[in-house]
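> Provided herewith is a single structure, encoded as structure tokens, for subsequent inquiry.
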Amino acid sequence: MTIIGPSGCGKTTILKMVNGLVVPTRGEVFVNGESTKLTDIIALRRDTDYVIQGNILFPHMTVEKNIAYVPTLLNGKDKNKTDAAVSKWMKIVKLDETLRSRYPDQLSGGQQQRVGIARALAASPNILLMDEPFSAVDEITRGGLQDEICHIHKETGITILFVTHDINEALKLGTKVLVMNGGEIRRYASPEKLGMSCVAETLGV
């Protein structure tokens with residue numbers, strides 16, 4: 001699901017409510033059929049992962065160690081299993097194996113973003129929250145990253161909530177699109193039912 005709307009309309013707040021970083025003042029948020037007010041928040045956060053704009057990588061760790069961070073915690077001393085997980089996700093996000101030993105400052109913006117996505121997916125979350133993750137990269141790189149997200153969604157079936165300011169991006173990536181304005185949901189439908197003109201009109205652009 002892509003979420004689109006002007007700055008300050010509540011897009012990021014929705015993501016934060018999903019994993020319990022923000023508690024709603026009214027109403028309830030349900031994840032997997034259970035209200036977050038009744039959910040073990042630690043367990044909920046372990047089941048979700050976050051990718052943000054200019055994704056923050058551990059600067060003192062190589063690409064391999066960044067991606068392996070959570071698998072290492074999960075797999076303990078089973079280095080072969082962790083190594084297989086790193087290779088798997090590097091392949092899925094189209095990162096060349098030769099980048100394993102590089103540090104974040106030795107990567108392009110697009111490569112850093114791919115590492116961030118691989119690191120999030122390596123934690124095996126059921127829900128991936130993405131807050132304008134591609135807004136800091138150039139258009140060509142952005143198009144490639146969008147294609148990868150579509151591919152990952154198709155391959156894994158993972159639930160993705162993707163915040164964006166870009167109408168084209170929202171319509172390209174979303175199986176459903178949530179249009180917000182003034183802190184309210186104005187439209188919610190498939191990209192085919194909404195279309196560019198409908199979203200633009202709802203947003204007043």
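The values are calculated or read from the model by the stated rules, or taken from the named source; none is laboratory data. What you are looking at is a predicted structure, and each value in this text was computed from that prediction instead of being measured. We place every Cβ from the backbone using ideal geometry, glycine too, and count neighbours over all the protein chains shown. Ligands, DNA and RNA are stripped out before the accessible areas are found, and what is left, the full protein with its side chains, is counted by its heavy atoms. Shrake-Rupley method; radii C 1.70, N 1.55, O 1.52, S 1.80 Å.
> Find out how many positive minus negative residues lie around Ile14, taking Lys and Arg as positive, Asp and Glu as negative, among other residues whose Cβ is under 12 Å from that of Ile14.
Charge balance near Ile14 sits at 0.
> Calculate what fraction, in whole %, of the accessible area of the stretch 104-205 sits on carbon and sulfur atoms when a 1.4 Å probe is rolled over the protein chains. Walk me through the intermediate numbers first.
Details: 2170 of 4710 Å².
Carbon and sulfur: 46 percent of the exposed surface of the stretch 104-205.
> Which log10 I(q)/I(0) values does the stretch 1-103 give at q = 0.14, 0.23, 0.24 Å⁻¹ under the Debye formula, counting every alpha carbon as one identical point scatterer?
-0.76, -1.18, -1.23
> So, one more: What number do you get for the stretch 30-87 when its Cα radius of gyration is normalised by 2.2 N^0.38 Å, N = residues? Could the numbers behind the result be given before it?
Values: Rg = 14.8 Å, N = 58, 2.2 N^0.38 = 10.3 Å.
Dividing the Cα radius of gyration by 2.2 N^0.38 Å gives 1.44.
> If you don't mind, there's one more thing I want to ask. Can you tell me which of Arg26, Arg142, Arg186 moves the most in a GNM of the chain? Springs connect C-alpha atoms under 10 Å apart.
Arg26
> Starting from one equal scatterer on each C-alpha and no solvent at all, send me the Debye-based log10 I(q)/I(0) for the chain at q = 0.08, 0.09, 0.17 Å⁻¹, two decimals.
Debye curve over Cα of the chain, log10 I(q)/I(0) at q = 0.08, 0.09, 0.17 Å⁻¹: -0.29, -0.36, -1.20.
> Note down the net charge around Gly110, summing +1 for each Lys or Arg and -1 for each Asp or Glu among other residues with Cβ under 14 Å from its Cβ. Before the final figure, lay out the partial values.
On the way: positive: Lys94, Arg102, Arg114, Arg142; negative: Asp96, Asp138, Glu139, Asp147, Glu148.
Net charge in that neighbourhood comes out at -1.
> If each DSSP helix of 4+ residues adds -39,500 (n - 2.57) and the sum is divided by the residues in the chain, what number results at 222 nm, nearest 500 deg cm²/dmol? Please list the in-between numbers first.
On the way: 8 runs with 93 residues, N = 205.
That comes out to -14000 deg cm²/dmol.
> Tell me which of Gly183, Gly109, Thr72 sits at the most positive position along the dipole axis of the chain, charges placed on C-beta atoms (Lys, Arg +1; Asp, Glu -1).
Comparing the listed Cα positions along the dipole, Thr72 ranks first.
> Give the long-range amide H neighbours of Leu178: residues separated by 5 or more places, or on another chain, with amide H under 5 Å away, using H modelled in the peptide plane at 1.01 Å from N.
Thr2, Ile3, Ile4
> Show the residues, 5+ positions off or on another chain, whose built amide H is closer than 5 Å to the amide H of Ile52.
Result for Ile52 returns Asp131.
> How long, wide and thick is the stretch 43-122, going by the Cα atoms along their three principal axes, in whole angstroms, largest first?
Here the spans come out as 31, 28, 24 Å, largest first.
> Here's a follow-up. Most mobile of Thr98, Thr48, Thr164 per a Gaussian network model of the chain (Cα springs, under 10 Å)?
Taking springs between Cα atoms under 10 Å, the residue moving most is Thr98.
> Pull up all non-local amide H partners of Arg102: gap of 5 or more, or a different chain, and H-to-H distance under 5 Å with H placed in the peptide plane.
For Arg102, the qualifying residues are Val63, Glu64.
> Further question: Starting from 0 in steps of 5 Å, tell me what percent of the Cα-Cα pairs of the stretch 103-205 lands in each bin.
Binned Cα distances yield the sequence 2, 11, 22, 22, 19, 13, 8, 3, 1.
> In debye, nearest 20, what is the charge dipole magnitude of the stretch 101-147 about its Cα centre with +1 on Lys and Arg Cβ and -1 on Asp and Glu Cβ, if you could check?
Values: 4 positive and 6 negative charges, 50 e Å.
Value, rounded to 20: 240 debye.
> Still on this structure: Find the relative contact order for the stretch 56-205 and round it to a whole percent, using C-alpha pairs within less than 8 Å whose residues are 6+ positions apart. Display every interim value, and only then the final one.
On the way: 167 pairs, mean separation 27.5, N = 150.
Answer for the stretch 56-205 is 18 percent.
> About the Cα centre of the stretch 58-205, what is the dipole size in debye to 20, counting +1 per Lys and Arg Cβ and -1 per Asp and Glu Cβ, all else neutral? Kindly include the intermediate steps, with their values, before the conclusion.
On the way: 18 positive and 18 negative charges, 113 e Å.
In debye, rounded to 20, the stretch 58-205 gives about 540.
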